[in-house]
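Read the figures in this text as sums done on the coordinates, not as results from a lab. Not measured: the values here are computed from a predicted model.
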Amino acid sequence: MWTALANLGEDPEFFPSLMVRIGDGEFLSTLAGELKVTHGILRNWIRGDKSREEAYQQAEKDGKQARITRILRRMHDTATAKVEGEITHADQARAAELMLKQEMQEEVRKAPSSIANIQINFVEAQDGKPKDVSQLP
């Protein structure tokens, strides 16, 4: 298996074409299957060269975003599609739910990471009242 991969690695178009496919959202395990090698062997071959590893990490990041974009596009297309038959209330509710989820995800990305700095002090209490009020901050 290593020999076949090493031979393919000599082709100057081989690695860039792998990175384009991964950047488009394909998985390394799928590509390994097509090459008839295990995922681990292909991954170790990529790790064997620092420039390949860096290119792979960027392609993985791009691929993840490509998959997310494809899913959101499908959700939007489904939610906004013109339906020929009678639309039920359940269909309308589901479409609205999908659109709301997408909007909420966009808001979460924009949301601040923290709102306030809150301190909680635990005190001993008796009958629902602090035992020693003088120690409270």
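Key figures
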{"item": "Linear extension gain, residue 76 paired with residue 96, 0.36 nm per residue minus alpha-carbon span", "result": "6.2 nm"}
{"item": "Shape of region 25-69, Cα gyration tensor, a/c cut at 1.5", "result": "oblate"}
{"item": "Among the listed pairs 36/101; 36/61; 50/101, those beyond 31 Å (Cα-Cα)", "result": "36/101; 50/101"}
{"item": "For region 63-97 and region 26-40, distance of Cα centres in Å", "result": "31 Å"}
